[in-house]
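Worksheet for the structure shown next.
Only the coordinates and a few stated rules stand behind these numbers; no lab work does. Being a predicted model, the structure only gives us computed values, none of them experimental.
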């Protein structure tokens, strides 16, 4: 009877250990996926920021041109 208790306890310990390992690996994989998604979004954001800077420069140039034309009139 006592041997059955030790066997059951051993099987439960092994199951708990394997479950913990699976949870750890799944969590690690999810963190990698999120890291890759974050890097992709950061690259897109950098591209958008560069485009925004170009638009702002173009608007400033147009503003200066219009100001010069207004001064001539």
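Taking one quarter of the surface of the C-alpha convex hull of the chain gives a mean projected area of 6.3 nm². Residue separation of residue 46 and residue 12 scaled by 0.36 nm, minus their Cα-Cα distance, works out to 7.2 nm of gained length.
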